[in-house]
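The values are calculated or read from the model by the stated rules, or taken from the named source; none is laboratory data. Nothing here was measured: the structure is a model prediction, and the numbers come from that model. A quick note on method: Cβ atoms are made from the backbone with ideal geometry, for glycine too, and the neighbour counts reach across all protein chains shown. Surface accessibility is based on the protein's heavy atoms, side chains included, excluding ligands, DNA and RNA. Shrake-Rupley method; radii C 1.70, N 1.55, O 1.52, S 1.80 Å.
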Amino acid sequence: MTRVLLTGAAGFIGGHILGALRPSYDVVAIDAFLPSAHGSDRPIPGIERVDVRDHDSLVDVLTGVDAVCHQAAVVGAGVDAADAPAYASHNDFGTAVLLSAMAEAGCTRLVLASSMVVYGEGRYTNAAGETVVPGPRTRGDLDEGRFDNIDPNTGDTLDWALVNEDSALQPRSTYAASKLAQENYALAWSLATGGSVTALRYHNVYGPNMPRNTPYSGVAAMFRSSLEAGRPPQVYEDGLQARDFVHVSDVATANVLSIAADLPGFTALNVSSGHPITIGEVATALSQACGGPTPEVTGQYRSGDVRHVVASPESARTAIGFDAAISPFDGLREFATAPLRDAEGTGAPRV
């Protein structure tokens with residue numbers, strides 16, 4: 001039986017992947033149990049406490065391991081400059097230590113949890129269908145309710161287009177920079193060792209057991225929290241921001257397929273539902289599913305947010321046979337009453 005090391009096994013996504021792997025694989029599950037992610041540092045039976053920055057401990061748990069599924073990371077919006085050291089330590093240094101330990105242990109297969117944040121502003125086209133890199137959204141425009149991306153040459157509003165894996169990588173936050181750095185370290189490791197890397201660029205992940213009050217939460221969980229308190233969800237901007245929401249069970253499937261496929265070299269794949277949805281539609285779907293108040297579109301905005309990021313699922317379908325089984329509207333109806341978990345932390349841990 002193939003032996004797989006799963007990092008971040010106690011996390012929201014890692015826990016679902018652990019359940020998906022165990023029927024077919026011998027899984028070594030580890031987690032650092034950071035209170036900022038889990039609400040406490042209490043261990044979970046069957047998951048060993050190992051920090052991916054601890055080289056010697058990693059070499060020990062890598063004994064006999066055929067493949068690594070690397071989910072451990074500090075996540076969040078990444079707009080606070082004070083969080084940068086935590087991202088660099090846990091995400092970038094941690095991944096570098098893991099790759100070094102894998103080389104020492106002779107393990108040459110890695111599935112890496114990456115993110116759609118590496119694309120930055122996403123992809124946009126003008127009226128002629130030409131790809132255009134938009135100018136930055138200015139505070140003045142946002143304050144006046146002008147949220148769309150503008151063609152810097154003509155001043156015309158740009159349309160969003162599907163992001164492909166070969167789209168430009170332009171991280172716009174410290175968290176995004178750390179995820180791209182993880183990919184770059186993994187690529188360099190692949191070239192140096194001949195190992196294989198599949199970097200899965202997750203889009204907006206949601207589902208049961210999602211944490212409700214941490215930087216891991218995401219907008220769907222925040223809308224849930226408002227509805228549970230009897231308050232209308234607060235939708236930023238005009239609610240027309242386009243995203244791709246992918247159910248956590250589909251993300252788990254993509255990881256299992258990636259381990260089985262063992263693609264050669266370095267391969268980046270979008271993990272998305274293939275069904276674009278606006279943030280306003282997310283809020284409305286959740287409100288209707290639980291009979292809550294109508295969402296309020298506030299016109300407020302959050303510094304560092306991008307307007308649209310929507311992915312093409314074609315490469316993942318071709319490379320590993322991945323097709324999301326759950327559409328956003330079906331998944332969000334279920335998510336409206338799904339169990340969530342609490343955590344004490346509200347920001348990236350300071351290091």
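Worth pointing out:
- The residues packed around GLY106, meaning those with a beta-carbon under 15 Å from its beta-carbon, carry a net charge of -1 if Lys and Arg are +1 and Asp and Glu are -1.
- The chain - accessible surface per residue (Å², probe 1.4 Å): 41 Å²
- Accessible surface of region 134-187, 1.4 Å probe: 47 percent of it comes from carbon and sulfur atoms.
- Extension gain for the segment ALA127 to THR278, taken as residue separation times 0.36 nm less the Cα-Cα distance, is 52.2 nm to one decimal.
- Peptides 128-138, 191-201, ordered by how many other C-beta atoms sit within 10 Å of their residues on average, highest first, read 191-201, 128-138.
- For region 118-153, applying the loop criterion from DSSP together with a ceiling of 12 other beta carbons within 10 Å to the chymotrypsin sites (Phe, Trp or Tyr not before Pro) yields no site.
- Fraction of beta bridges assigned by DSSP in the chain that are antiparallel (%, nearest 5): 20 percent
- Each of the peptides 156-166, 243-253 was scored by the mean count of other Cβ atoms within 10 Å over its residues; in descending order, highest first, they stand as 243-253, 156-166.
- Difference of contour (0.36 nm per residue) and Cα-Cα distance, ARG42 to ARG317: 95.2 nm
- Whole-number D in µm² s⁻¹ for the chain, Kirkwood Cα-pair radius fed into Stokes-Einstein, 37 °C, 0.692 mPa s: 159 µm²/s
- With each label modelled as a point 7 angstrom along the Cα→C-beta vector, the ARG341-ASP143 pair spans 4.3 nm.
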